[in-house]
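Values quoted throughout were computed directly from the atomic coordinates according to the rules given, and no laboratory measurement underlies them. Just so we're clear, the structure is a prediction, and the values are computed from it rather than from any experiment. Virtual Cβ from ideal backbone geometry, glycine too; neighbours counted across all protein chains shown.
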Amino acid sequence: MSASDTMVTAAEPGAEEGARPARPGIRLGDRLLKVYVWAVLAWLFLPIAVMIAFGFNDTRSKSNINWQGFTLKWWTRLGEYPELTEAVTNSLNIALLATAITTVLGTLMGLALGRYRFRGQGATNLVMFAAIASPELVMGASLLSLFISAGAQTGFVTVVIAHVLFSLSFVAVTVRARAVGLDRSVEEAARDLGASPWTTFWRVTFPAILPGVVSGALLAFALSIDDFVITQFTSGSLQTFPLWIWGATRMGIPPQVNILGTLIFALGVAVAVVNTLTGRRRT
Amino acid sequence: MKRLAPYLLILPGGLWLLIFLVVPMVFMASVSTQEGDTLNGFVQTFNLSIYGDVLAQYRTQFLRSVGYGLAGTAVSIALAYPVASWIAFKGGARKSTYLLLVLLPFFVSFVLRTVSWKFLLADDGLLLAPLKSAGLVSGDFHVLQTTVAVIGGLVYNYLPFMILPIYVALERVDPRVIEAAHDLYASGRAAFTRVVLPLSLPGVFAGVLMTFVPMTADYVNAGILGGPENTMIGNIIQTEYLVNGDYPTASALSFTLMAVMLIGIFAYAKALGTENVLEAAAR
């Protein structure tokens, strides 16, 4: 029932193949279904393809909508808009700091929830569930109410607070799934062999939950760098990459945005591929 | 010490959730019944009549948002189910690759993807300009600023959240169960409706939760792809909070939205089991 056995099955792709009864020939329905799946995947990828392509568009006007020919000039003029560069830098800094905090707090929570039975566990699950299920709009709006009432200036710090808030439960749940599947006897063995609780944690428990911690951290980073709604409510005058794009939508988006979007996309895909490959080896 | 361990682990993350999720909700409720303006400050007057007032004033947008959320969720189920089942049953060794393809859009900022659709669907954009010059559609045909564009955008942005939980549920279906159904002379259709479909319903339920709530509270799609006739409750809340500075109205609206959503979510989760939905949601 836990997420961990899904990971295991996903990591052994051959297992399913062998168990399935062999049917002679591929039915027409299956072939149509395959075409349909690829059509949906193409639809999902279409706006991304447009984003990548229009980073190379030799556009002259402010509106980068129609194809004018291929150019590489925007790649050399990446820093033409200082506010855009600053917004991207802010996004990266916020994501790094929020990920660091979230990973530590979420790992501790995940361990507590996965390893122990304690009073208040149900309430903790409930609040975590609320954090995942609440609309971002409501979280952002209520945080802004808090900051206004407390007279706090919104900016970098309040955005980091908000980002930790919405990714915390995701990290905790990911780590919990890993901690639940942990074999207790290995830890006991370490203790029997004279390891201190501290050594046991770092040498036995932590390596075992590490894949969950890494997945959680990556998820937190991805959630943070893309976030728009909560950020808009808690940022005050601070700009982030998505906020800058939203602000520029009416005037027209310069090709530099496409390029920066492409770079973030490429980075995300690279990390995801590496994570999938190493994850496969780990399990 | 051993009894205290889970509490110590939970403490930092738990406090974060308490201070920045639970407490702000109380502040939001408090702000909603205050009166005043940004220049002269707000005074608590326990003005509960504001709830009746804002509901009367923004009833259309509220109902429209719920309608868009329902329509978007229904379309998502219809689009996602075949994709999820194809990956689960026919994905073979490439399952994780297909899943990565489904997740690809998440590596591009939500706002940037939506802006990309705006350019694609623009009156003289990549999709409509060729159709118009070929005379296939009339010159004043447009997609942007219509209900179809907004619901289409919502479906596009949240579809992976529907595909993934359905996939996870279907992946767990033991192929031998389907075989058994066939051995017992179930037709292909009967094996699906009586065996596979019921087993996949928890995934559909999780998917509904993951898409309906954010779709209903969304304002990015209506803001970028929609026109004045498509204003959703999220757009009103965003404008009242961040543009007009009418905090009581905005708080009353988002508090109502949250109450409706949370009551719905918890009734829904209670019926299905919180932990299961939470885990499915976190994947």
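Exceeding 30 Å between C-alpha atoms, which entries from my cross-link table qualify? They are A:Lys73/B:Lys118; B:Lys95/B:Lys270; A:Lys34/B:Lys118. Going by Cα-Cα distance, B:Lys95/B:Lys270 fall outside the 30 Å limit. FRET efficiency for the B:Tyr185 to B:Leu131 pair, using the beta carbon distance and R₀ = 45 Å, is estimated at 0.35. Think of the protein assembly as shown as having a plus end and a minus end, set by charges on the Cβ of Lys, Arg, Asp and Glu; of B:Gly67, A:Val274, A:Ala248, A:Val274 sits farthest toward the positive end of this dipole. Dividing the mean sequence gap of close Cα pairs (under 8 Å, 6+ apart) by how many residues chain A holds gives a relative contact order of 31 percent. Evaluated at q = 0.06 Å⁻¹, a Debye calculation over the C-alpha positions of the protein assembly as shown (equal weights, vacuum) places log10 I(q)/I(0) at -0.32. Please work out whether chain A counts as rounded, prolate or oblate from its C-alpha gyration tensor, where a ≥ b ≥ c are the square roots of the eigenvalues and a/c under 1.5 means rounded, while otherwise a/b larger than b/c means prolate and anything else oblate? Verdict is oblate for chain A.
The calculated FRET efficiency for B:Leu11 paired with A:Phe45, based on their beta-carbon distance and R0 = 41 Å, is about 0.40. Taking 18 Å as the cut-off, the amide N atoms of the stretch A:204-244 that come nearer than this to a point 7 Å along the Cα-to-beta-carbon line of A:Leu92 belong to A:218, A:221-227, A:239-244.
For the stretch B:62-282, the gyration tensor built on C-alpha atoms gives an oblate shape. Its axis ratio a/c (a ≥ b ≥ c) is at least 1.5, and a/b is not larger than b/c. Here's the picture: a label point sits 7 Å out from the Cα of B:Ala71 along the beta-carbon direction, and within the stretch B:150-170 the residues with their amide nitrogen under 18 Å of it are B:150-159.
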